[in-house]
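Participant: Provided herewith is a single structure, encoded as structure tokens, for subsequent inquiry.
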Amino acid sequence: MKIQSICCLGAGYVGGPTMAMIAAKCPDIQVTVADLNEARIAAWNSDTLPVYEPGLDAIVASAVGKNLHFTTDIRSAIAAADLIFVSVGTPTKSYGIGAGRAADLRYIESAARLIAEVSEGHKIIVEKSTIPVKTATAIKSILAANSPHGATFQVLSNPEFLAEGTAVEDLECPDRILIGGETTPEGHAAVEALASVYAKWIPRDRILTTNLWSSELSKLVANAFLAQRISSINSISALCEATGADVDEVARAIGMDSRIGPKFLKASVGFGGSCFQKDILNLVYLCESFNLPHVSEYWRQVVHLNDWQKSRFVEKIVRTLYNTVNGKRIAILGFAFKKDTNDTRESPAIQVCRDLLHERAHLAIYDPRVSAENIREDLMIAGVPRELIESNVEVCSDAYAATENAHAIATLTEWDEFRALDLARIFELMLKPAFVFDGRGILSLDSLKAHGFDAFAIGKGF
Ligand code: NAD
Ligand code: UGA
């Protein structure tokens, strides 16, 4: 089966960039990204894309209007497609059975029902969203029971491994593409059809094929292992602070062991992003469901440690500022969950700012890519009362405005521009003693000290 027309349900951080890359690499395939959210689709069709990713504008511009289309006409997009990616959100369930752990699959189910209703002929349905193992069974059963036009389907799993901030690089040159399918001749044919789309720009030996359940599970396990490394090094950061060891030196020393490797060993205020916590909790719930309490408890600790890391950072600030931050101006540098993205989902900055606001600090927040509206909304959703946000939060247009008359600075995102700040100028602007709490290990402690700051960094102490 040769794929000529692709549709993707969900024009978010995954659906938009992934489909833009497929369209750019496969000019002979029509690619339509469909979403219920009108504002999001309008933004994809404008000059200001809804997702900030280095290099993405050029990729979109190269294909949009030619073989890449963004639309809210979901039914027509499904009807015209040979292959449909489902890339809708799978957030943590906040109600009922499994609340706080299980994945909420309502968007997946409604997408499957719509596909069944509209489809005719034969279509390949691809799970791009991150989902619990065995979701393909649920999708197949919904499709089989609700197809008025007698359509037939093959369901594949093709999880996405891109990281935000490097999405374009990751899509252009992925470590691997994973495709899971049924172990039947029809399943193999569907896997091959999807593999040949990726093979237009990705070497065949990086396209891995497995059964459905291995593919679904591998995505959760990959995120769990990555997050576990961060919690592991963050646990050691506390020990470094207590002993005088330097966490970056320890990370370098262990990372040079080729069995451990150097990546993902940067101690921080905690990991954020829409997926690590959600996917580990999803794995925890899956283990509970299969009556594996030891396994679920093991992985739950990765999230516990991450929560503790964020709260101990706030405690460090409060204790250092003479046990009160009430009325004190604290400059928050960075609000996104990592550099080079405008995404703030589960950003550690949200919890840190919320807890400082509960201590009645005045926050002067600056992030180069996150809007004031987004920051205020995140704090409100995190439970900070509107009046407290209005009275105690100022969103600034640069780092110098934020640090003026501040008692302390907390760096919460590793934006490159923070590494190049004029420390002498900032020291002059601040109240004394001028404290810096580097939650990302991006500023030189020696340089800060030389400029007169009292500086603390995760895993290095004062
Ligand atoms: P997102 O919230 O940015 O986008 C999801 C979009 O789906 C929304 O715009 C929503 O309006 C739309 N949607 C919901 N129901 C729909 C329907 N029936 N038809 C059409 N559109 C519908 O989410 P995201 O960050 O793109 O993540 C999507 C999935 O990919 C999740 O399962 C996530 O775990 C996974 N994932 C995300 C990343 C990442 O970096 N963000 C990376 C790998 C995997
Ligand atoms: C992560 C994975 O890296 C992707 O492979 C995966 O596809 C994606 O989740 C997903 O499923 O959503 P992402 O969350 O976009 O990607 O970004 P990461 O680079 O993994 O960073 C996640 C968080 O960990 C950030 O807050 C980052 O600052 C933090 N981090 C990362 C550290 O604190 N230390 C590190 O060494 C690395």
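Participant: For segment 130-181, what is Rg from Cα atoms divided by 2.2 N^0.38 Å, rounded to two decimals?
Facilitator: Working: Rg = 15.1 Å, N = 52, 2.2 N^0.38 = 9.9 Å.
Its radius of gyration relative to the 2.2 N^0.38 Å reference: 1.53.
Participant: Roughly how many nanometres apart are two label points built 7 Å out from the Cα toward the Cβ at residue 382 and residue 242?
Facilitator: Each label point lies 7 Å from its Cα, and together they span 2.7 nm.
Participant: Oh, and also: Can you sort 64, 88 so the residue with the fewest Cβ neighbours within 10 Å comes first? Write out the running numbers ahead of the final one.
Facilitator: Working: 64 18, 88 23.
The order, fewest Cβ neighbours first, is 64, 88.
Participant: What's the magnitude of the charge dipole for the chain around its Cα centre, counting Lys and Arg as +1 and Asp and Glu as -1 at the beta-carbon? Answer in Debye, nearest 20.
Facilitator: Working: 45 positive and 56 negative charges, 152 e Å.
It comes to approximately 720 debye.
Participant: What's the whole-number percent of alpha carbon pairs in segment 1-151 lying beyond 18 angstrom?
Facilitator: Details: 6471 of 11325 pairs.
Roughly 57 percent, rounded to a whole number.
Participant: Further question on the same structure: Taking +1 at the Cβ of each Lys and Arg and -1 at the Cβ of each Asp and Glu, which of 362, 304, 344 sits farthest along the dipole of the chain towards its positive end, judged by Cα position relative to the Cα centre?
Facilitator: 304
Participant: Kindly write out, for segment 121-138 in residue order, the coupling ³J(HN,Hα) from the Karplus curve 6.51 cos²θ - 1.76 cosθ + 1.60 (θ = phi - 60°), rounded to whole Hz, with x marking Gly and Pro.
Facilitator: x, 10, 9, 9, 10, 10, 6, 9, 4, 7, 9, x, 4, 5, 4, 4, 5, 5
Participant: Mind giving me the nanometre distance, one decimal, between the label points for residue 371 and residue 201, set 7 Å out from Cα along Cα→Cβ?
Facilitator: With each label point 7 Å from Cα toward Cβ, the separation is 2.9 nm.
Participant: Going by C-beta contacts inside 10 Å, put 2, 123, 140 in order with the fewest on the left. Write out the running numbers ahead of the final one.
Facilitator: On the way: 2 9, 123 25, 140 17.
Going from least to most buried by this count: 2, 140, 123.
Participant: What ³J(HN,Hα) values, in whole Hz, does the Karplus curve 6.51 cos²θ - 1.76 cosθ + 1.60 give for segment 169-182 when θ = phi - 60°, with x put for Gly and Pro?
Facilitator: Running phi through 6.51 cos²θ - 1.76 cosθ + 1.60 with θ = phi - 60° gives 4, 5, 6, 6, 9, x, 4, 7, 10, 10, 10, x, x, 5 Hz.
Participant: Could you please rank 52, 95, placing first whichever residue has the fewest other Cβ atoms within 10 Å of its Cβ?
Facilitator: Values: 52 19, 95 8.
Fewest-to-most Cβ neighbours within 10 Å comes out as 95, 52.
Participant: For segment 259-346, what ratio Rg/Rh do Cα atoms give with a Kirkwood hydrodynamic radius?
Facilitator: Rounded to two decimals, Rg/Rh equals 1.07.
Participant: Please tell me which of these pairs span more than 28 angstrom C-alpha to C-alpha: 123/200; 219/316; 66/219; 66/263; 123/278; 328/449? The partial results should precede the final answer.
Facilitator: Values: 123/200 21 Å; 219/316 35 Å; 66/219 32 Å; 66/263 39 Å; 123/278 30 Å; 328/449 22 Å.
Too far apart for the 28 Å limit: 219/316; 66/219; 66/263; 123/278.
Participant: Please state, as a whole number in µm²/s, the translational diffusion coefficient that the Stokes-Einstein equation yields for segment 147-289 at 20 °C and 1.002 mPa s, with Rh defined as the Kirkwood radius across alpha carbon pairs.
Facilitator: 120
Participant: Please compute the contact order of the chain in relative form: average sequence separation of alpha-carbon pairs under 8 Å and at least six residues apart, divided by the residue count, as a percent. Let's see the in-between values first.
Facilitator: Values: 904 pairs, mean separation 54.8, N = 462.
Once divided by the residue count of the chain, the mean separation gives 12 percent.
Participant: May I pose another question? If R₀ is 56 angstrom, what is the calculated FRET efficiency for the pair residue 260 and residue 152, using the beta carbon separation as r and rounding to 0.05? All intermediate terms of the calculation are to be shown ahead of the outcome.
Facilitator: Details: r = 48 Å, r/R0 = 0.85.
According to the calculation, E is roughly 0.75.
Participant: While we're on this one: Please compute the Cα-Cα pair-distance distribution of segment 325-446 with 10 Å bins starting at 0, giving whole percents from short to long.
Facilitator: P(r) over segment 325-446, rounded to whole percents: 14, 51, 31, 4.
Participant: Next question. Quickly work out the residue 183-to-residue 454 label distance, labels modelled 7 Å from Cα along the C-beta direction, and quote it in nm with one decimal.
Facilitator: 6.4
Participant: Calculated from DSSP H runs of 4 or more alone, at -39500 (n - 2.57) each and per residue, what is the 222 nm mean residue ellipticity of the chain, nearest 500? Don't jump to the answer; show the numbers that get you there.
Facilitator: Values: 19 runs with 210 residues, N = 462.
My calculation for the chain gives -14000 deg cm²/dmol from helical runs alone.
Participant: Counting DSSP beta bridges with both partners in segment 367-462, what percentage is antiparallel, nearest 5?
Facilitator: Details: 1 of 9 bridges.
Around 10 percent of the beta bridges assigned by DSSP in segment 367-462 are antiparallel ones.
Participant: Given a Förster distance of 45 angstrom, what is the FRET efficiency for residue 252 paired with residue 72, based on the Cβ-Cβ distance and rounded to 0.05? Show your work: numbers first, answer last.
Facilitator: On the way: r = 50 Å, r/R0 = 1.10.
With a Förster radius of 45 Å, E is 0.35.
Participant: On a full-extension model of 0.36 nm per residue, what is the gain between residue 169 and residue 138, subtracting their alpha-carbon distance, rounded to one decimal in nm? Walk me through the numbers on the way to the answer.
Facilitator: Working: separation 31, 0.36 × 31 = 11.16 nm, distance 3.31 nm.
Full extension from residue 169 to residue 138 adds 7.8 nm.
Participant: In whole Å, how far is the Cα centre of segment 143-186 from that of segment 335-400?
Facilitator: 36
Participant: What do you get for Rg/Rh of the chain when both radii come from the Cα atoms and Rh is the Kirkwood radius?
Facilitator: On the way: Rg = 23.6 Å, Rh = 23.7 Å.
Here Rg/Rh amounts to 1.00.
Participant: Of the DSSP beta bridges with both residues in the chain, give the percent that are antiparallel, rounding to the nearest 5. Write down the numbers at each step before the final one.
Facilitator: Numbers: 3 of 52 bridges.
Looking only at bridges with both residues in the chain, the antiparallel portion is about 5 percent.
Participant: Follow-up. What dipole magnitude, in Debye to the nearest 20, does segment 1-140 give about its Cα centre under +1 on Lys/Arg Cβ and -1 on Asp/Glu Cβ?
Facilitator: Numbers: 13 positive and 13 negative charges, 100 e Å.
Using only the charged Cβ atoms, the result is roughly 480 debye.
Participant: Here is a further query. Could you tell me the relative contact order of segment 361-451? Use alpha-carbon pairs under 8 Å, at least six residues apart, and round to a whole percent.
Facilitator: On the way: 91 pairs, mean separation 26.1, N = 91.
Across segment 361-451, relative contact order equals 29 percent.
Participant: If r is the Cβ-Cβ distance from residue 58 to residue 308 and R0 is 56 Å, what FRET efficiency results, to the nearest 0.05?
Facilitator: Working: r = 41 Å, r/R0 = 0.74.
So, using R0 = 56 Å, E works out to roughly 0.85.
Values in this text are rule-based calculations from the coordinates and carry no lab data. Quick caveat: nothing in here was measured; it's all calculated off a predicted structure. Cβ sites come from the backbone with ideal geometry, for glycine too, and all protein chains shown count toward neighbours.
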